[in-house]
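Structure below; questions to follow.
We did not get these values from a lab; they are worked out from the coordinates using the rules stated. What you see is a predicted model, and the numbers here were worked out from it, not measured in a lab. Note that each Cβ is placed from the backbone with ideal geometry, even for glycine, and that neighbours are counted across all protein chains shown.
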Amino acid sequence: MTSADDGLMGPQGFIATHTPSGDEQAGLFPPPHERFLFEDNKYKLHACCHGTHAMIEALTGAGALAARPLGEIAGVALDTNPRWLRVCDLRQPRTGLEVKFSYVWLAGMALRGDATGDDRLYADAVAADPELAAFAERVVVNGDPALSDMQAVARVTLTDGQEIVVRHDLDAPLSQEALSARLRAKAEAMLGKQGAALWDRFGENVERTAADIGAALRGQTA
């Protein structure tokens, strides 16, 4: 698979294909009377199906579940919008790609602290992970039309009988500080220390372009 060298500014990039002229500045800063503004930007913080993200956020955001071994969890009952049952409820994924569309596998990965933002994590070997396979049998997924496609609720039952209810709504805004920290963590998960360094250098500098970041990745001055 190939793509444009510069997906933002270059030929066949976003600006060239989404503005009426080749003037990149006009594309970035249209006249006020013609300006269309997105109300919000959403970021894909996990390298798997978007329908699973609310569940992952709910499970990883609960302090009571942090660093708890999967062996101490008796079961998980997940409620999600019914539309996602046709997309990301693969019960027995066979490949790393299918794991990205499996609530039951990703629940175990999230709870044991796997770096779900790192695309390299989803190798075929993870589909054969015996711990995840055993845990998947203890995860039940239900469709609840009362939930939006950005929400999830999980009821986690521990082996001692305690039940912990967690929920997340992807529509809930993150503070700038929290979002910056999450994006930096994803950059580090994908690129290691170089990713964190790149975020520190470019992350909140709106005057930098995709070409600048590409040059930095190639070891050039930007």
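Normalising by the residue count of the range 87-159, find the relative contact order in percent from Cα pairs under 8 Å and 6+ residues apart.
31 percent
Near Lys100, which lysines are there with a Cα under 20 Å away, not counting those fewer than 8 places off in the same chain?
Reachable lysines: Lys42, Lys44, Lys186.
Right, another one. Report the full-extension gain for the segment Phe14 to Glu72: residue separation times 0.36 nm, less the Cα-Cα distance, to one decimal in nm.
Roughly 16.1 nm would be gained on extension.
Then there is this: Assuming 0.36 nm per residue, please report the length gained on full extension of the stretch Ala215 to Arg182 beyond their Cα-Cα distance. Numbers along the way, then the final one.
Details: separation 33, 0.36 × 33 = 11.88 nm, distance 2.35 nm.
The span from Ala215 to Arg182 would gain 9.5 nm if fully extended.
Sticking with this structure for a sec: Under the definition of Cα pairs under 8 Å and six or more residues apart, what whole-number percent is the relative contact order of the range 108-222?
The value is 18 percent.
For the range 82-125, run through the trypsin sites (Lys or Arg not before Pro) and keep only the ones in DSSP coil with at most 13 other Cβ atoms within 10 Å of their Cβ.
On the way: sites: Arg83, Arg86, Arg91, Arg94, Lys100, Arg112, Arg120; in loops: Arg91, Arg94, Lys100, Arg112.
Counting only loop positions with at most 13 other Cβ atoms within 10 Å, the trypsin sites (Lys or Arg not before Pro) in the range 82-125 are Arg91, Arg94.
Also, I was wondering about something else. When you count, for each residue, the other Cβ atoms within 10 Å and take the mean per peptide, how do 50-63, 121-134, 171-184 rank with the highest first?
50-63, 121-134, 171-184
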